[in-house]
Amino acid sequence: MKKNVFSRTIAVLASMTVLGAASMLSASAEGIQIASVEGAAGETVTMPISLVDISSSMGCVVSVTYPEALEVATALPNNMAAQEAASNGDGTATVAATFVAPAGLATDFTSMSFVIPADAEDGTVYDITLAVDQLDNGGTFVENPEALGGTITVVNPTDEPTDEPTDAPTDAPTDAPTEAATTVATTAKPAATGSPKTGTAGVAVAVAGLVTAGATAVVLKKKH
């Protein structure tokens, strides 16, 4: 009997321990977080800020610390109090503001926008941290709220080779250069013709021929 009571006592204590640990984890998870983003050099990036495990908040005081190399484009809009920006003297700066996050606005209820330096190298990581000074969950004050920071990672575009086809070499023969043929002008001799000669010499020759032919005819006639 005593053994059974002892076993039940151990079981109850174990259950209480588990429940206590679970409630502690749940309580410690309440807080605020800033999202991590990526961007190229010279680009403006926006980091949403959300409540974690909180349905609504009647008031929260948030501080965002960032490297001074970043330029603030928009600092915690929709805040309920004046923003305070100050250099921390260690290469970082802090912006603080007070907010009211009604139900339905617990996710991305505010944000921070930064301009990445134009000369930022690919793969550079900028750490953005949060500090939560005050936070309530539905009107109940939250002790030791979580403050989950984020990062900005520089991802510069690379010049990728294009897939455009290039002109393939053709095997078609090309026109060989032609050398200008040199035409040698020759002076052709006039061809001999059988036409009778003209002029005084030609007439004399013709008359002599006729006289010879006539004398020949007379001689032949006498013989007959």
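Some points to look at:
- Hits in the stretch 112-133 (condition: surrounded by 14 or more Cβ atoms within 10 Å (Cβ to Cβ) and either part of a loop (DSSP other than H, G, I, E, B) or not aromatic (Phe, Trp, Tyr) (or both)): Met112, Ser113, Val115, Ile116, Pro117, Ala120, Thr124, Ile128, Thr129, Leu130, Ala131, Val132
- Residue within the stretch 33-42 that is within 20 Å of Phe141 (Cβ to Cβ), of a type in the set (Ser, Thr, Tyr) and touching a residue at least 40 places away in the same chain (Cβ under 8 Å) present: no
To keep it simple, each residue is scored yes or no on (1) at pLDDT below 95; (2) crowded, with 17+ Cβ neighbours inside 10 Å.
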{"site": "Gly39", "(1), (2)": "no, yes"}
{"site": "Tyr66", "(1), (2)": "no, yes"}
{"site": "Asn88", "(1), (2)": "no, no"}
{"site": "Val100", "(1), (2)": "yes, no"}
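- Among the residues of the stretch 41-64, those identified as more than 21 Å from Ala81 (Cβ to Cβ) and open to solvent by 40 Å² or more (accessible area, probe 1.4 Å) are Gly42, Glu43, Thr44, Thr46, Asp53, Ser55.
- The stretch 68-86 - residue that is assigned to a strand (DSSP E or B) and open to solvent by 30 Å² or more (accessible area, probe 1.4 Å) and, of those, modelled with the lowest pLDDT: Glu84
The values are calculated or read from the model by the stated rules, or taken from the named source; none is laboratory data. Note that this is a predicted model, so its numbers are computed, not measured. With ideal geometry, Cβ positions are generated from the backbone for all residues, glycine too; neighbour counts draw on all protein chains shown. Keep in mind that these areas ignore ligands, DNA and RNA; they rest on the heavy atoms of the full protein, side chains included. Shrake-Rupley method; radii C 1.70, N 1.55, O 1.52, S 1.80 Å.
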